[in-house]
Amino acid sequence: MQATLSKRINELLVLAVLEQGPAHGYQIALSVEERTGGAFSFQHGTLYPILHRLETNGHVRGTWGGEGRRRKTYELTDDGRAELAAGAAQLERQFRVLLELFGGTHAA
Amino acid sequence: MRPEHPLADVERSLAVPPRRRLDVLEEVDADAEALQAELERRGYGPAQARRAALRRVVPGTETLAQLEAQHAPPLGRWARGTGWIDRAERLGIFVATGLAGAVACITILGTGALGSAAVLAWPQVIVVALLAANWSRAAKRLWIDGDLRPELRRRLWERQIGLIVLAVALGALGAAREVWGAFGALEAEAFAPPAMWDAVGRIVSFAALGLSAAIFGLFGWLALTPRLIDDETMEHRISAFFASRLPTTPSRRR
């Protein structure tokens, strides 16, 4: 459960960053770290399986470019945009339930 | 001694087809370099920036396992998903044994291998089984694991060639032995026409068995060749990738 939730959050974080515009892998990693105030970060290349999975699922599009040296840029697809909206709404519901539960426990 | 590239270990450990391996290496390397430059712009020292960049982007053991699962060939992904990955080796052995069994039946019928010809006919059956097993091993590495490294590829190819030569030699030897036996019978004038046709049949069977085994071995390997050529091209590109990227040390950058 914890691994699944964490995987889901990581995917949504990547999609959220790419909503701002196309980016290279390292830019996505830095942006996630900055935008979450360091609460989430990708170490030891953990970003790549996430990006490749999103690419396989059609949520992001990876394009090789660069002169002389190949660099990969990722951009959000329409499917990815829909996935982000649906995922964010689902997470919001789940966290609201959890927060209410914790709030109830504290009150008791 | 020249220091090793930080991604050399990833290249050795990542068991995916070379094309995918090159993509991962190029992507990670470009990101590491750009991230290092970005961190330096933000005030990190070069060595500190390099370490921080590598820590973020170079895949660790767990990440490598995830990448392997993602980039395995379709057949390999299916085999992992259904649990057939553990049975693939056994399936290869089963196929090789089945093939050898079929060849054994043909051999018994064609050469009368239960009699005096057994000494040369049965080794041929074993050679066919070994050819099939060798081919199965290479095919499993290519289409299920996705990773057949040059060293193992060379060893399997040498074994295949050795077995093909052995199959032809055994076929020729068996045929020659039958010819020699037939001439002996002719000289002794104990050679009735039906016996002569029997001898011709055994000669042809021995030769055909050797030739069939050789053709099976060669054409089997030929079926792997397009993929092997593609892999080799990609491995050259991986070597070129490492050759063109001497490790960026702080002293060299300055």
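Can you name every residue in the stretch B:59-97 that is surrounded by 15 or more Cβ atoms within 10 Å (Cβ to Cβ), modelled with pLDDT of 85 or more and β-branched (Val, Ile, Thr)?
Listed by number, the list holds a single entry, B:Thr63.
Limited to the stretch B:137-160, what total is found for residues that are assigned to a helix (DSSP H, G or I), in contact (Cβ under 8 Å) with a residue 12 or more places away in the chain and more than 8 Å from the chain's Cα centre (by Cα)?
Selection size over the stretch B:137-160: 6.
Consider B:Phe242 carefully, then state whether it is in a helix (DSSP H, G or I), at pLDDT 90 or above and within 30 Å of B:Ala49 (Cβ to Cβ). Reasoning before the result, please.
Values: in a helix (DSSP H, G or I): yes; at pLDDT 90 or above: yes; within 30 Å of B:Ala49 (Cβ to Cβ): yes.
Taking the combined requirement at face value, the residue satisfies it.
Of the residues B:Val119, B:Val127, which single one is more than 28 Å from the chain's Cα centre (by Cα) and assigned to a helix (DSSP H, G or I)? Before the answer, list the steps.
Values: B:Val127 fails: more than 28 Å from the chain's Cα centre (by Cα).
Selected residue: B:Val119, the only one of B:Val119, B:Val127 that is more than 28 Å from the chain's Cα centre (by Cα) and assigned to a helix (DSSP H, G or I).
Please list, ordered by first then second residue, the pairs with beta carbon atoms under 6 Å, 6 or more apart or interchain, first in the stretch B:184-204 and assigned to a helix (DSSP H, G or I), second modelled with pLDDT under 70.
Short answer, once both residue conditions are applied: B:Ala185/B:Phe191; B:Arg202/B:Thr111.
If only one of A:Ala16, A:Ala29 is within 12 Å of the chain's Cα centre (by Cα), without any contact (Cβ under 8 Å) to a residue 40 or more places away in the chain and surrounded by 14 or more Cβ atoms within 10 Å (Cβ to Cβ), which one is it? Outline the logic, then answer.
Working: A:Ala16 fails: without any contact (Cβ under 8 Å) to a residue 40 or more places away in the chain.
The conditions single out A:Ala29.
If you scan the stretch A:52-78, which residues turn out to be part of a helix (DSSP H, G or I) and either touching a strand residue (DSSP E or B) at 6+ places or on another chain (Cβ under 9 Å) or within 14 Å of chain B (Cβ to nearest Cβ) (or both)? Full working, then the answer.
At the first step, the residues of the stretch A:52-78 found to be part of a helix (DSSP H, G or I) are A:52-56, A:78.
Within the stretch A:52-78, A:His52, A:Arg53, A:Leu54, A:Glu55, A:Thr56 qualify.
Among the numbered criteria (1) over 14 Å from the mean Cα position of the chain (by Cα); (2) within 27 Å of B:Arg50 (Cβ to Cβ), which single criterion is violated by A:Thr56?
Condition (2) is where A:Thr56 drops out.
Being within 9 Å of chain A (Cβ to nearest Cβ) and without any contact (Cβ under 8 Å) to a residue 40 or more places away in the chain is the requirement here; does B:Glu27 meet it?
Working: within 9 Å of chain A (Cβ to nearest Cβ): yes; without any contact (Cβ under 8 Å) to a residue 40 or more places away in the chain: yes.
Taking the combined requirement at face value, the residue satisfies it.
Have a look at A:Gln43, A:Gln94 and point out the one that is of a type in the set (S, T, N, Q) and in a helix (DSSP H, G or I). Steps first, answer last, please.
Numbers: A:Gln43 fails: in a helix (DSSP H, G or I).
Result: A:Gln94 is the single residue among A:Gln43, A:Gln94 that is of a type in the set (S, T, N, Q) and in a helix (DSSP H, G or I).
Does the stretch B:132-186 hold any residues that are of a type in the set (Asp, Glu) and farther than 21 Å from B:Glu11 by Cα, and which are they?
Passing the criteria: B:Glu158, B:Glu178.
Is there a residue in the stretch A:84-101 that is in contact with a strand residue (DSSP E or B) (Cβ under 9 Å, 6 or more places away or on another chain), away from chain B (no Cβ under 14 Å) and closer than 14 Å to A:Leu15 by Cα? Give the derivation first.
First, the residues of the stretch A:84-101 that are in contact with a strand residue (DSSP E or B) (Cβ under 9 Å, 6 or more places away or on another chain): A:84.
Subset that is away from chain B (no Cβ under 14 Å): A:84.
Restricting the remaining residues to those that are closer than 14 Å to A:Leu15 by Cα gives A:84.
Scanning the stretch A:84-101 turns up at least one residue that is in contact with a strand residue (DSSP E or B) (Cβ under 9 Å, 6 or more places away or on another chain), away from chain B (no Cβ under 14 Å) and closer than 14 Å to A:Leu15 by Cα.
How many of the residues in the stretch B:30-50 are more than 10 Å from chain A (Cβ to nearest Cβ) and either farther than 19 Å from B:Glu4 by Cα or buried (at least 16 other Cβ atoms within 10 Å of the Cβ) (or both)? Before you say what the answer is, go through the steps one by one.
Taking the stretch B:30-50 and keeping what is more than 10 Å from chain A (Cβ to nearest Cβ), we get B:40-41, B:43-50.
Add one more test, that the residue is either farther than 19 Å from B:Glu4 by Cα or buried (at least 16 other Cβ atoms within 10 Å of the Cβ) (or both), and what stays is B:40-41, B:43-46, B:49-50.
Going through the stretch B:30-50 one residue at a time, the tally reaches 8.
What are the residue pairs meeting all of these: first residue in the stretch A:34-45, first residue closer than 15 Å to A:Val14 by Cβ and within 14 Å of another protein chain (Cβ to nearest Cβ), second residue part of a loop (DSSP other than H, G, I, E, B) and aliphatic (A, V, I, L, M), Cβ atoms under 8 Å, and 6 or more apart or on different chains?
Within 8 Å, the pairs are A:Gly45/B:Val58.
Taking the criterion of being in contact with a His (Cβ under 8 Å, 6 or more places away or on another chain), farther than 19 Å from B:Val57 by Cα and among the β-branched types (Val, Ile, Thr), would at least one residue in the stretch A:72-79 satisfy it?
Going residue by residue through the stretch A:72-79, those that are in contact with a His (Cβ under 8 Å, 6 or more places away or on another chain) are A:72-74, A:76-77, A:79.
Within this subset, residues satisfying the condition of being farther than 19 Å from B:Val57 by Cα are A:76-77, A:79.
With among the β-branched types (Val, Ile, Thr) added as a condition, the list becomes A:77.
Yes.
Just the residues that are in contact (Cβ under 8 Å) with a residue 24 or more places away in the chain and in contact with a Gly (Cβ under 9 Å, 6 or more places away or on another chain), please, taken from the stretch A:58-82.
Those that are in contact (Cβ under 8 Å) with a residue 24 or more places away in the chain and in contact with a Gly (Cβ under 9 Å, 6 or more places away or on another chain): A:His59, A:Val60, A:Arg71, A:Lys72, A:Thr73, A:Tyr74, A:Glu75, A:Leu76, A:Gly80.
The values are calculated or read from the model by the stated rules, or taken from the named source; none is laboratory data. Predicted, not measured: the structure shown is a model, and the values here were computed from it. As a convention, Cβ positions derive from the backbone with ideal geometry for all residues, glycine included, and neighbour counts pool all protein chains shown.
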